[in-house]
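Scroll down for the structure; my scribbles are underneath it.
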Amino acid sequence: MNPPDTVGDIGSDHYIQMVNATVVSIYDKTDASLISRFDLTTLGGCSTGNGDPIVLYDHLADRWLLSEFGPGNSLCVFISQTPDPTGAYFSYQFSTPGFPDYPKYGVWPDAYYVTTNESSPSNYALDRDEMLLGNPATSQRFTAPPLSGFGFQALTPADLDGPPPPAGSPNYFMRHRDTEAHGPAGFPTEDFLEIWGFSVDWANPGNSSFTQVANISVSEFDSDICGFFAFNGIPMPGVPKCSGSSLDPLREVVMFRLQYRNFGSHEALVGNLVTDVTGNDDAGVRWFELRKVGAGAWGLHQEGTYAPDGDGRWMGAIAMDGSGNIALGYNVSGSATFPSLRYTGRLATDPLGTMPQGEYNIVAGSGVNGSNRYGDYSAMSVDPEDDCTFWFTGEYNPTSQWSTRIAAFRFDACGGPFHLEPEPPELDVCVPDDAVYDIRVLLDQPGFSDPVDLDAVGEPAGTTVNFSLDNLPPPFTSTLTIGNTGAASAGSYSVAVVGMAPTTTHTTTIGLR
C-alpha cells in the first residue's frame with residue numbers, strides 16, 4: 001500500500017515497527033533480532049487491516065498502544081495487558097462522527113489523546129486509566145475551527161517522554177498557520193504556531209475543555225509547495241518537482257511526534273514541518289523548540305530551517321533526549337538523489353537555531369518511487385532506559401517499491417557525567433507508611449565536581465517529598481522519603497527523580513503503588 005505510513009517506538013526491551021496495512025514487527029532491541037511479525041487483524045477485536053497505523057510505548061505504565069482504522073467511522077486501539085508486546089491485548093473501538101483520517105496519538109498521564117482529519121479538525125481523549133485495566137472506556141471529543149487554504153488539516157497532540165508534566169497540565173495540541181494560506185493578512189515576515197490545551201474530566205465531562213492557549217510568532221515559512229493542495233512536489237531523478245509523479249510534501253501538519261519534556265526548570269515542546277526554502281518549491285525542514293517556565297506562557301526558544309543544499313528535505317521526525325540534545329530524521333530526494341533517509345542534530349550547548357552536528361546517511365535510495373504518495377509520516381523516539389539513544393524509522397526506495405529502515409544512534413554528550421540509580425525501583429506501600437528509596441547519584445566522568453540538585457516530579461497529590469542529601473557533587477546517596485501517603489488516592493504512580501547540574505540533567509523513574 002502506498003504510502004507505508006512507517007511508524008515505530010522503543011520500549012524497555014523491544015522496538016515495534018508498524019506499516020500499512022497493518023503489519024506489526026517486534027524486535028529485541030539488544031540484538032535487533034525479529035521476535036514476531038503479524039498482521040494486526042490477528043489480534044481480533046475491531047482490527048480491519050485498513051491502515052494508518054500508530055504504535056506508542058507508554059513508559060509511565062510500561063505498556064504498548066497499537067492502533068489503526070476501525071470498521072466504518074471508528075478507531076481501533078489495542079493496549080498490551082503486560083509490558084510484553086508479544087502477549088495479549090485489550091481491544092477498544094471508538095466511534096467517530098466522520099472518517100478519522102490521519103490519526104495521531106499522544107501519551108499523557110490522564111488520557112491517550114488523538115487528533116484526526118475530519119470535516120472539522122477533531123481532537124479526542126481516550127480514558128487511559130480504564131484502558132490499562134481492560135475495563136469499558138469512553139472518549140471525549142472537541143473540534144478546532146478549520147483553516148481556510150487547506151483541504152486536509154489536523155492538529156498534532158503532544159506525546160510525553162521522560163518525567164510526567166506538572167499535575168493538572170492539559171495535553172497540548174498544535175498546528176501551524178501560514179498567514180499567506182490561512183490569514184489573517186498583514187503578517188508578511190512572520191507566521192504562527194497555535195497551541196491548544198485539552199483538559200479532560202472523566203468524572204464530570206461537562207468540565208472538560210479544549211481552548212487555544214498560545215499563538216506563537218515564528219519566522220516566515222512557506223506552505224506553498226507546488227500550491228496548497230497538490231499531492232506532488234518533491235523531485236526524484238528523472239522526475240521534476242511539481243510534476244504529476246513527484247512526491248507528496250505533506251505540507252499541512254506539524255509532523256508526528258510533537259514531543260513534550262518536563263525538565264523541572266522548564267517544559268519543552270519540539271516539532272517540525274516542511275517549508276519552501278527558496279520560493280521556488282524547494283522543500284526544507286523547519287524545526288522549533290518551545291519552552292514554558294512555571295505558570296508562564298509558552299514561548300519560542302529556538303527555531304531553524306534545515307536545507308543545506310538543493311535537494312528536498314521533508315517528512316521529518318524530531319525528538320529531544322534527556323540532556324536536551326535534539327535529533328532530526330527526514331527523507332531527502334532530488335534531481336540526482338533517490339529517496340533516502342538521513343539525520344542531523346544539535347547539542348544543547350550548540351548555538352540556538354542551528355543543527356551543526358553534521359548530516360548522516362541512514363540508508364541511500366537507488367530507485368524512483370512508483371507512486372507520488374510518500375511516507376505520510378515517520379517516527380523518532382528516545383530509549384526510555386538511557387534517555388539518550390534515538391530510534392528512527394522511515395521509508396526509502398531501494399527500487400520503485402518502497403522499503404523501510406530502522407536506525408539507532410546517540411550523542412556522546414548525552415548522559416554523564418553522572419547518572420541516578422534508585423533502590424528499590426518501585427514500592428508497594430500501605431498507608432500511612434512512608435515510601436522510602438535510596439537515590440544513588442553516581443559519577444560517570446572523572447573530574448566532574450558540579451553539585452547535583454535533586455527534585456521529584458509527579459508525586460501523588462497531597463504527599464510530601466524529602467531528600468536527606470541534596471545539592472552535592474557526586475557520588476553520594478540520598479534517601480528519598482515520600483510522606484503523608486494517607487492523603488493520596490489509591491493507585492499506581494510513576495514519579496520522576498531529576499538530577500540537575502548547571503550544564504546537564506539526568507532523570508530516572510520510580511514506581512509507587
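The values are calculated or read from the model by the stated rules, or taken from the named source; none is laboratory data. As the structure is a computational prediction, the values presented were derived from the model and not from experiment. Using ideal geometry, Cβ is built from the backbone for each residue, glycine included, and neighbour counts are taken over all protein chains shown. Protein only, heavy atoms only, side chains kept; ligands, DNA and RNA dropped before computing areas. Shrake-Rupley method; radii C 1.70, N 1.55, O 1.52, S 1.80 Å.
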Can you name every residue in segment 276-321 that is in contact (Cβ under 8 Å) with a residue 60 or more places away in the chain and β-branched (Val, Ile, Thr)?
Thr305, Ile318
Answer with yes or no whether Asp110 is open to solvent by less than 20 Å² (accessible area, probe 1.4 Å), farther than 24 Å from Pro3 by Cβ and among the acidic types (Asp, Glu).
no
Would segment 124-131 turn up any residue that is open to solvent by less than 20 Å² (accessible area, probe 1.4 Å), of a type outside the set (Lys, Arg) and touching a Leu at 6+ places or on another chain (Cβ under 7 Å)?
no
Listed by first then second residue, the pairs whose first member lies in segment 186-197 and is of a type in the set (S, T, N, Q), whose partner is modelled with pLDDT of 95 or more, with beta carbons under 7 Å and at least 6 positions apart or on separate chains, are Thr189/Glu220
Where Pro502 falls short, out of the listed (1) touching a Pro at 6+ places or on another chain (Cβ under 6 Å); (2) loosely packed, with under 13 Cβ neighbours inside 10 Å; (3) at pLDDT below 90; (4) not charged (D, E, K, R):
(1)
Among strands (runs of 3 or more DSSP E) entirely within segment 428-489, at least 3 residues that are of a type in the set (Ser, Thr, Tyr) and more than 26 Å from Ala61 (Cβ to Cβ) occur in 476-483
Kindly list the number of the only condition in (1) loosely packed, with under 13 Cβ neighbours inside 10 Å; (2) in contact with a strand residue (DSSP E or B) (Cβ under 8 Å, 6 or more places away or on another chain); (3) within 18 Å of Ser148 (Cβ to Cβ) that fails for Thr211.
(3)
Those residues of segment 67-84 which are open to solvent by less than 10 Å² (accessible area, probe 1.4 Å) and touching a Ser or Thr at 6+ places or on another chain (Cβ under 8 Å), in sequence order:
Glu68, Gly70, Ser74, Leu75, Cys76, Val77, Phe78
Please note which strands (runs of 3 or more DSSP E) are completely contained in segment 221-326 and include at least 3 residues that are open to solvent by less than 20 Å² (accessible area, probe 1.4 Å) and among the hydrophobic types (A, V, I, L, M, F, W, C).
267-276, 283-292, 312-320
Could you check segment 186-212 and list, in sequence order, the residues that are in a strand (DSSP E or B) and over 30 Å from Asp129 (Cβ atoms)?
Glu190, Asp191, Phe192, Leu193
Identify all residues within segment 333-347 that are open to solvent by less than 10 Å² (accessible area, probe 1.4 Å) and either closer than 19 Å to Phe409 by Cα or within 21 Å of the chain's Cα centre (by Cα) (or both); write none if there are none.
Ser340, Leu341, Thr344, Gly345, Arg346
Does Tyr102 satisfy being in contact with a strand residue (DSSP E or B) (Cβ under 8 Å, 6 or more places away or on another chain), within 22 Å of Phe198 (Cβ to Cβ) and crowded, with 23+ Cβ neighbours inside 10 Å?
no
Would you point out the residue of segment 348-373, among those that are at pLDDT 95 or above and polar (S, T, N, Q), that is most open to solvent (accessible area, probe 1.4 Å)?
Asn361
With the condition kept exactly as written, say whether any residue in segment 159-178 is open to solvent by 10 Å² or more (accessible area, probe 1.4 Å), in contact with a helix residue (DSSP H, G or I) (Cβ under 8 Å, 6 or more places away or on another chain) and either among the aromatic types (Phe, Trp, Tyr) or more than 30 Å from Gly11 (Cβ to Cβ) (or both).
no
